[in-house]
Amino acid sequence: MENILKVTQAGVFYPADRDELLVMIAALSPDEESPYKSNAIIVPHAGYIYSGMIAAKGYKYLNSEVENVFIIAPSHYVRLYGTVTSSADAIETPLGNIRINNKIVEELHQDFGVEFSAEAFSREHALETQLPFVQKFAPHSAIVPLIYGCENFANISKIIERYDNGANAFVISSDLSHFYPARENIRMDTYTASLIESNVTANFESDNACGAVGICALLDYANKKGNTLIRLGLTNSSKVTGDTSSVVGYGSWFMFEGSKNEFIKKYYTKQVLEICRKSITAGLHKSSFTPGNYPCVLDESGACFVSLTSAGRLRGCIGSVIAHRPLIADLIKNAYSAAFADPRFKPLTPDELYEINIEVSLLSAPEKLIFNTETELMEQIVPRRDGIIIRDGNYQAVFLPCVWEQLPDKTEFIQALKEKAGLDKSYFSETFSAFRFSAVELA
């Protein structure tokens, strides 16, 4: 006889009636098709009326063809040490039974010391709220349910690493900040989002997210693989309740195999270039450009250069080397400045608008190079790949990677960069510093 667990939060966090639940999930789900299918998402676990829409955005990106979905959730009601799972065969929800992969559960018990706990599963909404979404968006998958308490995120990261083989997907269940005024909530969740989107586990605390351990486990794994978490949205409970005095934050991300800038290039090059052109067009009409509907990934912090050319000649180029604002704002500002505020050129005229070609370089975070001599600096530079920033006191200059096309020799490249900074081409000092970065080109 099969051991079937029954859900306990139906009618509380989500509808208990099958038809009502299906209608609600359909209403929460975005109409647009996701451009990418991921094997790992971070989604919230509050009542569906509060966080269901942002959760559905995450599930739209989940690979629906996987055999198993690992649901990794924090314990809210039972004090746990380590991570536990269920010995049941299935869990019954209003949408029917969802099978548990007992073979993997037993492997986790034997190889990772994951124990069994019926008590932890008796009313844990952080796991249960994910079940109907999995049934809807990955209907042929079994689940591997995991609930953790006091746990080292590295242990869960090892589980993800073992089972990320194409046949499995991972749902990290977590809300963000809890019960702060809306203004403080937005500040905290924006900071938390920056940690997630930079794969940073240091300084990630439970105040940032109730599922901090699960999130850090995925970030740790993403770091090892060179993957990135891409934002799908941030919101909070006040959007539904209207009460800004004490809110809970929610966010959704999916894991992309590559960098954020590569993702933008692959799926949103056209939109990025349109944003830049509209900013320039608005400038010609002495107005500012406020974007309407645009990809949420552009809300992430980012740095870019916008270059304008006409008949093959440079007509303006302005950019940021350090990400200090949302990429959407950086694109709008730098496009405007390239057209009207580059001191090397006269402001763009209306007659030139349709003659210019727009190119955008999306920059990675700069990496400081460690060296004692100029020879040691040269040894670390990779031509045609590295953009370089040099700095000494008030002197600073940057070359994008595309400059290698004009200056393919490393010595000439660095000498020209020094001269751009206002230094002699043979200059070197103990305080001379250099940084490298990569750039993804959109045109």
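The values are calculated or read from the model by the stated rules, or taken from the named source; none is laboratory data. Predicted, not measured: the structure shown is a model, and the values here were computed from it. Reconstructed Cβ throughout: ideal geometry from the backbone, glycine too, with neighbour counts over all protein chains shown.
Note on the range 270-365: enclosed strands (runs of 3 or more DSSP E) holding 3 or more residues that are in contact with an Asp or Glu (Cβ under 6 Å, 6 or more places away or on another chain) are 303-310.
Apart from one condition, residue 369 fits all of (1) touching a helix residue (DSSP H, G or I) at 6+ places or on another chain (Cβ under 9 Å); (2) surrounded by 13 or more Cβ atoms within 10 Å (Cβ to Cβ); (3) touching a residue at least 60 places away in the same chain (Cβ under 8 Å); (4) closer than 30 Å to residue 275 by Cβ; the exception is (4).
In the range 425-436, the residues that are of a type in the set (Val, Ile, Thr) reach residues that are surrounded by 12 or more Cβ atoms within 10 Å (Cβ to Cβ) with C-beta atoms within less than 7 angstrom, at least six apart or across chains, in these pairs: 431/392.
The residues listed here are 294, 336; of these, the one that is of a type in the set (Phe, Trp, Tyr), at pLDDT 95 or above and within 30 Å of the chain's Cα centre (by Cα) is 336. Residue check: residue 388 meets all listed conditions (1) closer than 25 Å to residue 265 by Cα; (2) assigned by TED's automatic domain parsing to the domain that holds residue 304; (3) modelled with pLDDT of 95 or more but one, namely (2).
Go over the candidates 347, 343 one by one and state the one that is under 29 Å from residue 289 (Cβ atoms), without any contact (Cβ under 8 Å) to a residue 24 or more places away in the chain and surrounded by 12 or more Cβ atoms within 10 Å (Cβ to Cβ). Outline the logic, then answer.
Numbers: 343 fails: surrounded by 12 or more Cβ atoms within 10 Å (Cβ to Cβ).
Among 347, 343, only 347 is under 29 Å from residue 289 (Cβ atoms), without any contact (Cβ under 8 Å) to a residue 24 or more places away in the chain and surrounded by 12 or more Cβ atoms within 10 Å (Cβ to Cβ).
Filtering the range 369-385 to residues that are charged (D, E, K, R) and either more than 30 Å from the chain's Cα centre (by Cα) or not assigned by TED's automatic domain parsing to the domain that holds residue 435 (or both) leaves 374, 376, 379.
On the basis of being assigned by TED's automatic domain parsing to the domain that holds residue 128, under 17 Å from residue 173 (Cβ atoms) and of a type in the set (A, V, I, L, M), does residue 12 make the cut? So residue 12 fits the description; yes.
Restricting attention to the range 371-422, the residues being more than 23 Å from residue 317 (Cα to Cα) and of a type in the set (Phe, Trp, Tyr) number 1. A single entry from 107, 119 fulfils the requirement of being more than 19 Å from the chain's Cα centre (by Cα), surrounded by fewer than 22 Cβ atoms within 10 Å (Cβ to Cβ) and not in a loop (DSSP other than H, G, I, E, B): 107.
Within the range 325-336, does at least one residue satisfy the condition of being among the hydrophobic types (A, V, I, L, M, F, W, C), under 17 Å from residue 279 (Cα atoms) and in contact with a Phe, Trp or Tyr (Cβ under 7 Å, 6 or more places away or on another chain)? The answer is yes, given that some residue of the range 325-336 is among the hydrophobic types (A, V, I, L, M, F, W, C), under 17 Å from residue 279 (Cα atoms) and in contact with a Phe, Trp or Tyr (Cβ under 7 Å, 6 or more places away or on another chain).
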